[in-house]
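Novice: Dumping the structure here so I can ask a few things about it.
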Amino acid sequence: MMVVKLFWSIIIVSLTTIDVYGMECPPTRASIQHLLDEAYIPGAAVIVVNSTDIVYEQGIGYQSPLISKDRRSIDPSTSIFVLASISKTFVGVAAMQMVESHHLNLDLDINQYLSPEMKIIHPRYPNITITTRHLLSHMAGIGQHPTEEFKLYVPGDDFTKRKFSDVIKMYLSYEESWLPVPPGHITYYSNIGNGLAAHIIERLAGISFEDYVREKILKPLDIDETKASYRLSTFQDNQMNLVDHYIYNVSFLEVFNQIAPQLNASRVENSSDWLYVPLFSYSIYPAGMLRMSAYSLSKYLRSFLNNFPNLLHNSQSIDEMLSISSQTSYVNMTDVEFSLGWYWQVYNGRRFIGHDGSLPGLRTAMMANEKRNLGVIILTNGDITRNDMQASKVKETIVQLMTELFDCFEMKTNIAFRLHANIKYIGWTIISLYFCFY
């Protein structure tokens, strides 16, 4: 009788302890909606994955603000977002595939791969070699030329109207596009550098980068090519699921139309608060214009948690892709360290690996924890274009939601482990008690 009582006491104590830890997660739809509303984010697709499964999935809010009765709810499986700079990680993966096939050496002069089409040198440091590693880790000495950068945003699929290599050559022909530092160790985030790395890959592969991604990354991951693309035309029969671009604060209209008049932004009818930016593209498309749903992206992230078994065949490849070279930030970004198309970032004292992104009317994040056994995807139609307090609120909201999700599901993983350990403990306790009393 005493053994039975002890048995049930142990069971109750063990399960009660577990329940206490698991009580307050995941965050409720209402709590997430409240966070989005406070930051003027119309909607978000949120997915949490481990190495084998989607463990949490929510579509919250809408594909457009409160301006129309016809607005569509966000659906993680069907709502198509521009990934923005999450797209850069695909360039990193493609580069490592080229390394594995012995077509690319990350540490050779890039002109070995670009000649005779073009020759790229730093105008102030012409004798210092630029490598693909420099391009992927933002250490090539390429800076930002705002006037030229905004010209790269074009309506619809107009990025296809110019030769990709010509766009790169034109941008880098200006001395203002270069930092006053040599290539090698100083980091400065560059869309152009990532795009140039993608161009090297397409030259080595003999096909366009968009075709390369479709054949060598999307297909092996079983991501439907009609649901993931750099081109809007791919979604011609699925336009209603494309998430539109809106910017909160109508006072920004005049400034926006001065810096990017080609995008034809306008004030939303019957609204005093929102601007609408028609669907657009970016001429350096590999660096930021891959479109897909959160569900499709989750296939990519789950594969990443497993070291990309369908994409990379050498375990050393992913180690190199995520390795950090000696670097110093040009703008004192002490919480970010760049690897090859990916970066490590510290949030609230914890390290994560992945990428986030932003475009007018859009903010995204795809991160994994340091152990790479859990990943979070948050795709939103929030906006940070103005880089003001409102933009900061959008950024902080997404970081808060992301860290809450990691806290919750890492805790659940630990609870599962403890449950397994407790069950083993209960078993051994029963056996011990049996021999003690009998």
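Novice: Relative to the first principal axis of the alpha-carbon coordinates of the chain, what is the inclination of helix 191-205, with its axis defined by its Cα atoms, in degrees from 0 to 90 and to the nearest 10?
Specialist: The helix 191-205 is inclined about 90 degrees to the chain.
Novice: Here's a follow-up. Cα centroid distance between region 269-314 and region 319-341, in Å?
Specialist: Their Cα centres are 22 Å away from one another.
Novice: Sorted by average packing, counted as other Cβ atoms within 10 angstrom per residue and highest first, what order do 388-395, 301-308 take?
Specialist: Order by mean packing, descending: 301-308, 388-395.
Novice: Return the whole-Å distance between the Cα centroid of region 235-265 and the Cα centroid of region 52-126.
Specialist: Comparing the Cα centres of region 235-265 and region 52-126, I get a distance of 21 Å.
Novice: Using +1 at the Cβ of each Lys and Arg and -1 at the Cβ of each Asp and Glu in the chain, identify which of Trp344, Val49, Pro116 lies farthest towards the dipole's positive end.
Specialist: Value computed over the given set: Val49.
Novice: Placing +1 at every Lys and Arg Cβ and -1 at every Asp and Glu Cβ, with all other atoms neutral, what dipole size does the chain have around its Cα centre, in debye to the nearest 20?
Specialist: For the chain, the charge dipole is close to 600 debye.
Novice: Mind pulling the angle between the C-alpha long axis of helix 29-38 and the longest principal axis of the chain? Nearest 10 degrees, somewhere in 0 to 90.
Specialist: Long axis of 29-38 versus the principal axis of the chain: about 30 degrees.
Novice: Mind listing the long-range amide H neighbours of Tyr230? Cut-off is under 5 Å, sequence gap 5 or more, other chains count too, H placed in the peptide plane at 1.01 Å from N.
Specialist: Arg291
Novice: May I pose another question? If you count only protein heavy atoms with a 1.4 Å probe, what accessible area per residue comes out for region 276-348, rounded to a whole Å²?
Specialist: On a per-residue basis, region 276-348 sits at 37 Å².
Novice: I've got another one for you. Under 8 Å for C-alpha pairs, at least 6 residues apart: give me the relative contact order for region 15-166, rounded to a whole percent.
Specialist: Here the relative contact order equals 11 percent.
Novice: Let's test this: bin the Cα-Cα distances of the chain at 20 Å from zero up to the farthest pair and state each bin's percent.
Specialist: Taking every Cα pair in the chain, the percentages come to 24, 53, 17, 5, 0.
Novice: Tell me, what is the FRET efficiency for Ser31 and Gln239 to the nearest 0.05, using R0 = 30 angstrom and their Cβ-Cβ distance as r?
Specialist: Step by step, r from the Cβ atoms, then E = 0.40.
Novice: Moving on. Taking amide H atoms as placed 1.01 Å from N in the peptide plane, list the residues 5 or more away in sequence, or in a different chain, whose amide H sits under 5 Å from that of Leu242.
Specialist: Ile80
The values are calculated or read from the model by the stated rules, or taken from the named source; none is laboratory data. Since this is a predicted model, take the numbers as computed values, not measurements. FYI the Cβ positions are ideal-geometry reconstructions off the backbone, even for glycines, and counts take in every protein chain you see. Protein only, heavy atoms only, side chains kept; ligands, DNA and RNA dropped before computing areas. Shrake-Rupley method; radii C 1.70, N 1.55, O 1.52, S 1.80 Å.
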